[in-house]
């Protein structure tokens, strides 16, 4: 009897469990059907948005082609590198590294950081946190002290504190340094210093910067560059570089042989040291032959060359040239003799 009651209870339990399972399956099936319908709607919306984006990109590319920006066929240059093709639709395919700051050149670092934030559309509240990961050395120590003191309130206050600590002192005047700058080494070194100072100044006109650049060049370079009247700094730098190389080449390879002294018209012999030759050539042995005024007169009357015994004509060239020394004779008048 008890066994039959036990079996009936188990049968009732299994029946109730089966009903609950069927109800749960029906609810799950209804949810699946609803989700499937929603997914279908979302897919249709996604397809519509994709079509609209494609149409928008085609319109923008058509405008770009009409403006003469390029052929617009395929994905070249800007599309592959993430730059816009005439509109706001662009892809971020370039991976840029955040610039690391070691405490040097704060102005240059701030410029690169702003370029990074602009490219990645970084939110203002995320800039300080992102910057803290890219401080090294003494810059990191300074940043930690500034953070612990509670002075890091926003990005602008951080930039001001950075420039005060790592930037030039308050008495540094880049305009004065630019006007006093003079070339002491190569043209490349002078150009680097000039650009470093001029980059700290804003609003300088091109003619003024060109005048400052030319005035600081060495005299042996500046005069040659000014003869070409360069229209801008780029041309002036190119000319100065060429002239600098010319001057350096002339210093490295001085002329050998005879040279002219400061006194006009006096030809001197080369100053050869004892036993020294030029490029392995034997020591020159120049023979000097003097010719007097009387000899010159006699040769002129005979139509002979001053330096050889052949007839002279406008096309005459001596077959065996020699070095002659003409001696002048000073004739004193009777009045000068009386004064003496």
- Would it be correct to say that residue 47 is assigned to a helix (DSSP H, G or I), over 30 Å from residue 198 (Cβ atoms), outside the structural domain of residue 199 (by TED's automatic domain parsing) and modelled with pLDDT of 85 or more? yes
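Could you tell me whether segment 143-153 includes any residue that is assigned to a helix (DSSP H, G or I) and either at pLDDT 90 or above or touching a strand residue (DSSP E or B) at 6+ places or on another chain (Cβ under 6 Å) (or both)? Even if it seems obvious, please write down each step before you answer.
First, the residues of segment 143-153 that are assigned to a helix (DSSP H, G or I): 143-148.
The next check asks that each one be either at pLDDT 90 or above or touching a strand residue (DSSP E or B) at 6+ places or on another chain (Cβ under 6 Å) (or both); those that pass are 143.
Yes, segment 143-153 contains a residue that is assigned to a helix (DSSP H, G or I) and either at pLDDT 90 or above or touching a strand residue (DSSP E or B) at 6+ places or on another chain (Cβ under 6 Å) (or both).
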- All but one of (1) surrounded by 12 or more Cβ atoms within 10 Å (Cβ to Cβ); (2) closer than 30 Å to residue 190 by Cβ; (3) out of contact with any helix residue (DSSP H, G or I) (no Cβ under 8 Å at 6 or more places or on another chain) hold for residue 167; which doesn't? (3)
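Here is a yes/no grid of residues against (1) within 21 Å of the chain's Cα centre (by Cα); (2) under 30 Å from residue 236 (Cα atoms); (3) surrounded by 11 or more Cβ atoms within 10 Å (Cβ to Cβ); (4) modelled with pLDDT of 85 or more:
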site	(1), (2), (3), (4)
134	no, no, yes, yes
158	no, no, yes, yes
174	yes, yes, yes, no
182	yes, yes, no, yes
189	yes, yes, yes, yes
194	yes, yes, yes, yes
- residue 303 passes all but one of the listed conditions (1) at pLDDT 90 or above; (2) more than 30 Å from residue 176 (Cβ to Cβ); the exception is number (1)
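Could you list, in sequence order, all residues of segment 113-126 that are touching a residue at least 12 places away in the same chain (Cβ under 8 Å), more than 18 Å from residue 165 (Cβ to Cβ) and surrounded by 15 or more Cβ atoms within 10 Å (Cβ to Cβ)?
Within segment 113-126, the subset touching a residue at least 12 places away in the same chain (Cβ under 8 Å) is 113, 116, 119-120, 124.
Now drop any that are not more than 18 Å from residue 165 (Cβ to Cβ), which leaves 116, 119-120, 124.
Selection gives 116 alone.
The values are calculated or read from the model by the stated rules, or taken from the named source; none is laboratory data. Keep in mind the model is a prediction, meaning the values are calculated, not measured. Ideal geometry is used to build each Cβ from the backbone, glycine not excepted, and the neighbour counts take in all protein chains shown.
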